[in-house]
Amino acid sequence: MTPLLAVGLAAMLAFQGMVLQIHVLQGEGVVSFVGSRGPGLRLEINDEIGTPVAGAVISVRLPDDGPGGVFASGLASEILTTGADGRAATSPIRWNRLPGPVQIRVTAVKERLRAGTVVSQTLSEPARVVGRGKSRSKWPLVLLIAGGAVGAGLGAGLAVRGKHEATVAPVSLQIGAPVITLSKP
C-alpha cells in the first residue's frame with residue numbers, strides 16, 4: 001500500500017461516524033390544547049450512515065417564556081440518554097395556557113460530536129360552543145334538536161281517520177353540516 005493511500009484510508013476511517021443526526025419520531029408539528037397534558041418527544045440519534053448511536057446524551061428544552069410548558073419533573077428541560085437502539089423519549093409535557101407556536105430545542109452529544117435541531121409545535125385554544133361559557137361538544141345539541149324535530153314531524157304526520165284508523169305520513173330527516181332539513185314527500 002502506498003503511503004498516500006494509507007493516509008487517505010486513515011483519514012476516511014477517522015471521519016467515519018463523525019456526524020450525529022437527530023430524527024424526531026414523535027412530536028414534530030403537533031397541535032395541543034393550552035393547559036392540556038400531551039405526550040413528550042420520541043427521538044432517535046444516528047451517525048452519518050444511519051447507525052443508531054447508543055449512549056448519546058440529549059438535552060430537550062422548552063421555551064422559558066411565552067407558549068410552552070414543563071415536563072413531569074416540573075422543569076422546562078430534560079436530559080436523556082439513548083439506548084442501544086439510539087432512541088430516547090421525554091416524559092409527558094404539561095402545557096401552559098398561552099396559545100401560539102412552541103419551539104423546542106434539542107441537542108445531542110456523543111463524545112466530541114454534537115447535533116442540534118428545533119421541534120415545532122403549536123398550542124391552541126379549544127373550540128367553544130356558545131352557551132354556558134364552557135367548552136362543550138356540539139353533537140349532543142344537534143342530536144337533541146334532530147330528535148325533537150323527528151318527533152314533531154311524526155306528530156304532524158299523524159292523521160286520524162274516523163274513530164279507529166290512523167295513518168302516519170312518511171317523514172324524512174337529512175342532517176348536513178350544519179343544516180337540518182325536515183320535509184314531507
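The values are calculated or read from the model by the stated rules, or taken from the named source; none is laboratory data. What you are looking at is a predicted structure, and each value in this text was computed from that prediction instead of being measured. Neighbour counts are summed over all protein chains in view; Cβ atoms, including those assigned to glycine, are modelled from backbone coordinates with ideal geometry.
If Leu25 passes every condition in (1) loosely packed, with under 15 Cβ neighbours inside 10 Å; (2) part of a loop (DSSP other than H, G, I, E, B); (3) modelled with pLDDT of 95 or more but one, which one does it miss?
Unmet for Leu25, out of (1) loosely packed, with under 15 Cβ neighbours inside 10 Å; (2) part of a loop (DSSP other than H, G, I, E, B); (3) modelled with pLDDT of 95 or more: (2).
Conditions (1) touching a strand residue (DSSP E or B) at 6+ places or on another chain (Cβ under 8 Å); (2) within 26 Å of Glu48 (Cβ to Cβ); (3) assigned to a strand (DSSP E or B), marked per residue:
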site: Leu80; (1), (2), (3): yes, yes, yes
site: Ala84; (1), (2), (3): yes, yes, no
site: Arg94; (1), (2), (3): yes, no, yes
site: Leu98; (1), (2), (3): yes, no, no
site: Val102; (1), (2), (3): yes, no, yes
site: Thr107; (1), (2), (3): yes, yes, yes
site: Val118; (1), (2), (3): yes, yes, yes
site: Pro126; (1), (2), (3): yes, no, no
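Kindly evaluate Pro52 against the criterion of being more than 12 Å from the chain's Cα centre (by Cα), surrounded by fewer than 18 Cβ atoms within 10 Å (Cβ to Cβ) and in contact (Cβ under 8 Å) with a residue 24 or more places away in the chain.
Considered against the rule, which asks whether it is more than 12 Å from the chain's Cα centre (by Cα), surrounded by fewer than 18 Cβ atoms within 10 Å (Cβ to Cβ) and in contact (Cβ under 8 Å) with a residue 24 or more places away in the chain, Pro52 comes out as yes.
Could you check the range 64-102 and list, in sequence order, the residues that are in contact (Cβ under 8 Å) with a residue 60 or more places away in the chain, in contact with an Asp or Glu (Cβ under 7 Å, 6 or more places away or on another chain) and not charged (D, E, K, R)?
Scanning the range 64-102 gives a single hit, Pro99.
Kindly evaluate Ile49 against the criterion of being modelled with pLDDT of 95 or more, under 25 Å from Ile22 (Cβ atoms), β-branched (Val, Ile, Thr) and not in a helix (DSSP H, G or I).
No, not satisfied.
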